[in-house]
Structures are given as structure tokens and as C-alpha cells.
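Down below is the structure, laid out as C-alpha cells.
The values are calculated or read from the model by the stated rules, or taken from the named source; none is laboratory data. Note that the coordinates shown come from a computational prediction; the quantities given were computed from them, not determined experimentally. Neighbour counts run over all protein chains shown; Cβ positions are idealised from the backbone, glycine included. Just so you know, the surface numbers come from the protein's heavy atoms only, side chains and all, with ligands and any DNA or RNA stripped out. Shrake-Rupley method; radii C 1.70, N 1.55, O 1.52, S 1.80 Å.
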Amino acid sequence: MAWDFSTDPEFEAQLDWMRAFVREEVWPIETVFDELGDEGFRRAIAPLQEQVKQRGLWAAHLPPELGGQGFGQVKLGLMHEILGSSPFAPPVFGNQAPDSGNSEVLALAGSADQKERYLHPLLAGDLRSAFSMTEPETAGSDPTLLQTRAVEDGDEWVINGHKWFSTNGSVADFLILMAVTDPEAKPHQRASMFVFPADTPGVRIVRDVPTMEHPIEHFGRYGGHSEIYYEDVRVPKDALLGARGAGFLIAQQRLGPGRIHHCMRWLGVSRRAFDMLCERAVSRFAFDSLLADKQTVQNWIADSLAQMQAARLMTLHAAWKMDTEGAAAARTDISLIKFFGAGVLFDVVDRALQIHGALGYSTDLPLEQMYRFARAARLYDGADEVHRQSVARRVLRGYEPVDVPSQHVPTRREEARRRFADLLETVTSND
Ligand SMILES: Cc1cc2nc3c(=O)[nH]c(=O)nc-3n(C[C@H](O)[C@H](O)[C@H](O)COP(=O)(O)OP(=O)(O)OC[C@H]3O[C@@H](n4cnc5c(N)ncnc54)[C@H](O)[C@@H]3O)c2cc1C
């Protein structure tokens, strides 16, 4: 029976290197990111990206023929747990969202020309991308309601629609867009994907929507969530990405691994918050003892560790299932970790913030930023409720309705009495 939680020593050495590298080289950038600006940030991380490439860890989510490492989801998961500790580690390793997911879409569904034009420069770090699907007017949770339309006109597609929360839209060189091409088809075959340059005439990027994470609007900022109007945008026929009507299929394939990476990155954030929680517990004194001696704080520590351990095992198990049985087999596991992992992140960060009192609420610590980041995790890539619904639906497929509950004791007793009638008679006659 194979049941092994160990990591091979060679890869463990890589993980050790990543832990030290991210802590020593990437964490310091966090405190000067705003001062560096976009160009300064690119220059600051360029030498770090070189080191990552030399180490063979660049764009590890892609297969080797595309310049990636072909790690598989378990190894990628372990790697993302480390990268998640800082929002600036993923770009240093060439696997930041949404570029990593978009590169997977291009690798999966792109034509040779699209790979040449978009994928290779994206992997080289020369281009940036955005994924434009969610609309303000329709429920993103139910993308069969999408209204953005792409209509054929001669050798072109003409796109009209309104999107928002297209992350990195305002700094992107190209966009991957989801639009309805076949409104009469079955709901999940109506939409297609397109890829085209962000400066195509008719693409009007109006703002980066201010959010809890970035409350002050800065247009054209890395990590901004852009609102975009597509007004009679004409793209050539070969801008279609993948088969016509395959938009949902491709989106599903993109989202599965992406959710595993999100969950592992959240564990990286949780671990950093947890360390801060413990450090404060053994440092702060009130009411005759350290906070570490209060039972409430001890409960926070034990509960946080238990939750993180559970989320970690669930996520690595989902990754393992994806590696061994494929994305379809891992769907329930991925939905489970998406809402469970987001909840764990939120709880751990909340406790770490609480134990620091006013300091935790201040921007003198990264906890308030983590807290705002954690809140979004319950929404993007599927709101909690949608993943719970999808788990419950799939679980319930394994059950049949009954007139009498199958565990009804009087019914079971009657059956058992029939089965053991001889024995029961002997026992009774001995009385
Ligand atoms: C930080 C961030 C980054 C994002 N990046 C991108 C991006 O790059 N590209 C992109 O296209 N989109 C992006 N999004 C959008 C994201 O995918 C959507 O917000 C998400 O799909 C939910 O859609 P919605 O906001 O329209 O909410 P709605 O679909 O309107 O849902 C609102 C609420 O309704 C409830 N609900 C929905 N369905 C059910 C149900 N079945 N049962 C019970 N309750 C339900 C849930 O509480 C849900 O939160 C991003 C969002 C965030 C917050």
C-alpha cells in the first residue's frame, strides 16, 4: 500500500532555497513597492528573476517544451505555499496570476501563431495579460448569463460588451476575452475565447476599480482590476482562441490548477500571519501574564494550526488527485479546498490582527493588508456559496430518495428479528 507524505530530497533542497530566497530577497521589496513604481519594480526584480531561471524554477506551471518545468500539481503546490508568503514572489518566479492561468490557456488551446505571438513573450516576461470575463450587469457566478457578444462579419469578429474586474487590464499588452458567439447553442457551448492586443481600436479601459485591497484609485497599476468597454472591436478570425463554443471548457481547465495554487498561496499568507500571532503571544504582557498564557490565545494558536494543517492536506490531496487521475476526478476536492482554504486564511489573519490590537489594525504591520486580501479570496474564482453548491450537488448524485430513512431503527429491528429469529427464540426460551 502506497501512502507517502515525504518530498524527494532533491526537491526539498529546492524548497529550502526558495524559502530563504523569498524571505531575504523578496520580502524587503514589499516595503518600498509604492516608492519604486512600476518601472522601478520591474528593475528591482529583474536580477532575482535571473536567479530563479538559473535555478530551473521559472514558469514551473508549464510543460518543459514551453519553457516550464513540468512539475505537476503537488510540487507546484509546495512551491506556491512558499511564494504565497509575499504578493511579489509570484512575478519573481514567472507564475503570477492572471499571466500564469492565461499562459496555461494559450498552451492548451492556442494555435502555433498565438503561441508565437503571445505565449512565448508572456513566458519571457516581455508581455502582460488580462483575463476579461466578469461583467457588472450579469452574475459572474453564472457565466451562462454572459451578455458580451462576438458576431462574425466577413473575415472578422465584431465584439461588443462591458467587463470589469479584468485584473491587470490597464497594464496588459493583450487580453483574453470570453464572449457569446452562439446564443442558440446549449448554455455551456454558447461562449468562445478570443485573444487580441489591448490597444485594438474599440477597447476602452475606463478605470481600475478601487477595492478593499487598493482603496485609492491608481489607473495603470499592476494588480488593478479594470473596467473595460468593448465597442465594435474588430478582431481577425484567427483571434478565436480554441474551438468556437469551447469557452467554458477551456475556462474550467484553466481554473482547476489555478485554484490549487491559490489555496497553497493562501497557506503561505496564513503561515506568515500565524508566526506573527505566536510572536506577539510570547511578547505582550497584560493582566499578570503574557498573552501566550491566556486560554483564548492558546485556543487561537491550536485552532489556527489545526485549520492550516487540514487545509494543507486537503489541498495537497486535491493536487495529487489531479496529477494521478486528472482534472475531472478532482473537481469536488478542488471546490472543497476553494471555500475551506479561503475560510482558514480569513480566520488565521483575523486572529493575528486581533492579538496585535491597534498595531494590527495599523499599516505598520502587513496584517491589515492580508485581511483585505483574504476577504477577496471568498469571491474570486467562484464565491464560497457556489463551490458549496457544486460540492453538495455532486455528493447528492450518489443518493436516492426513500420512503423510510434507511437507518430507521424500528424497520431495521424488524429485519434483524427475522434474520436472527432462531437465535432470538433460543435466548427467549432460556429465560
Ligand atoms: C480580487 C478579484 C479579482 C478578480 N479578477 C478577475 C479577472 O481577472 N477576470 C475576471 O473575469 N473576473 C475577475 N474577478 C471577478 C470574479 O470572478 C467574480 O467576482 C465572481 O465570479 C463572482 O461574480 P460576481 O461578482 O458577479 O458576483 P455574483 O455572481 O453576482 O454573486 C454575488 C453573490 O451571490 C451569492 N451567490 C451566487 N450564486 C449563489 C448560489 N448558487 N447559491 C448561493 N449564493 C450564491 C454569493 O454570495 C456571491 O458572492 C475578480 C474578482 C475579485 C474580487
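Within region 229-258, how many residues are of a type in the set (Gly, Ala, Ser), within 13 Å of the ligand (Cβ to nearest atom) and in contact with a Gly (Cβ under 9 Å, 6 or more places away or on another chain)?
So the first thing to find is which residues in region 229-258 are of a type in the set (Gly, Ala, Ser), and the list is 239, 242-243, 245-247, 251, 256, 258.
Adding the requirement that they be within 13 Å of the ligand (Cβ to nearest atom) leaves 247, 251, 258.
If we keep only those that are in contact with a Gly (Cβ under 9 Å, 6 or more places away or on another chain) as well, we get 258.
Looking only at that region, the number is 1.
Does ARG388 qualify as being within 9 Å of the ligand (Cβ to nearest atom) and of a type outside the set (A, V, I, L, M, F, W, C)?
Values: within 9 Å of the ligand (Cβ to nearest atom): yes; of a type outside the set (A, V, I, L, M, F, W, C): yes.
Taking the combined requirement at face value, the residue satisfies it.
Restricting region 273-323 to residues that are farther than 23 Å from ALA2 by Cβ, in a helix (DSSP H, G or I) and in contact with a Gly (Cβ under 9 Å, 6 or more places away or on another chain), which is least open to solvent (accessible area, probe 1.4 Å)?
As a first pass, look at region 273-323 and keep what is farther than 23 Å from ALA2 by Cβ: 273-308, 311.
Filter once more, so that each one left must be in a helix (DSSP H, G or I): 273-281, 291-293, 295-308, 311.
Checking the rest, the ones that are also in contact with a Gly (Cβ under 9 Å, 6 or more places away or on another chain) come to 276, 280, 307, 311.
Details: MET276: 29, ARG280: 44, GLN307: 40, ALA311: 3 Å².
The selected residue is ALA311.
Any residue at all in region 33-55 that is open to solvent by less than 80 Å² (accessible area, probe 1.4 Å) and touching a Pro at 6+ places or on another chain (Cβ under 7 Å)? Yes, region 33-55 contains at least one residue that is open to solvent by less than 80 Å² (accessible area, probe 1.4 Å) and touching a Pro at 6+ places or on another chain (Cβ under 7 Å). I'd like to know if region 359-380 contains one or more residues that are open to solvent by less than 70 Å² (accessible area, probe 1.4 Å), over 28 Å from the mean Cα position of the chain (by Cα) and more than 16 Å from the ligand (Cβ to nearest atom). Yes. The sole residue among PHE21, PHE5 that is aromatic (Phe, Trp, Tyr) and either within 22 Å of ASN168 (Cβ to Cβ) or open to solvent by less than 40 Å² (accessible area, probe 1.4 Å) (or both) is PHE21. Pairing residues of region 383-395 that are closer than 16 Å to ALA329 by Cβ with residues that are at pLDDT 95 or above and open to solvent by less than 30 Å² (accessible area, probe 1.4 Å), at Cβ distances under 6 Å and at least 6 apart in sequence or on separate chains, gives SER390/SER335; VAL391/SER335. Taking the conditions (1) touching a Leu at 6+ places or on another chain (Cβ under 9 Å); (2) over 30 Å from ALA329 (Cα atoms); (3) loosely packed, with under 15 Cβ neighbours inside 10 Å in turn, ALA243 satisfies each one other than (2). Please tell me if ALA59 is open to solvent by less than 50 Å² (accessible area, probe 1.4 Å), at positive phi and touching a helix residue (DSSP H, G or I) at 6+ places or on another chain (Cβ under 8 Å). Yes, satisfied. Of all residues assigned to region 145-165, at least one qualifies as being within 22 Å of VAL386 (Cα to Cα) and of a type in the set (D, E, K, R). Does ARG388 fit the bill of being of a type in the set (Lys, Arg) and either surrounded by 17 or more Cβ atoms within 10 Å (Cβ to Cβ) or farther than 30 Å from MET212 by Cβ (or both)? So ARG388 fails the test.
What are the residues in region 69-109 that are over 18 Å from THR315 (Cα atoms), open to solvent by less than 10 Å² (accessible area, probe 1.4 Å) and either more than 16 Å from the ligand (Cβ to nearest atom) or not in a helix (DSSP H, G or I) (or both), if any? Residues satisfying the conditions are SER86, ALA89, VAL92, PHE93, ASN95.
The lone criterion from (1) at pLDDT below 95; (2) farther than 22 Å from GLY223 by Cβ left unmet by LEU122 is number (2).
Tell me which residues, restricted to region 310-347, are within 17 Å of GLU385 (Cα to Cα) and without any contact (Cβ under 8 Å) to a residue 40 or more places away in the chain. ASP333, PHE340, PHE346 - these are the residues of region 310-347 that are within 17 Å of GLU385 (Cα to Cα) and without any contact (Cβ under 8 Å) to a residue 40 or more places away in the chain.
Selection of strands (runs of 3 or more DSSP E) fully inside region 113-228 by the criterion of at least 3 residues being within 12 Å of the ligand (Cβ to nearest atom), of a type outside the set (Asp, Glu) and farther than 13 Å from ALA239 by Cα returns 129-132, 156-167. Reported count of residues in region 193-216, each being out of contact with any Leu (no Cβ under 6 Å at 6 or more places or on another chain) and either open to solvent by less than 20 Å² (accessible area, probe 1.4 Å) or closer than 17 Å to ALA376 by Cα (or both), is 11.
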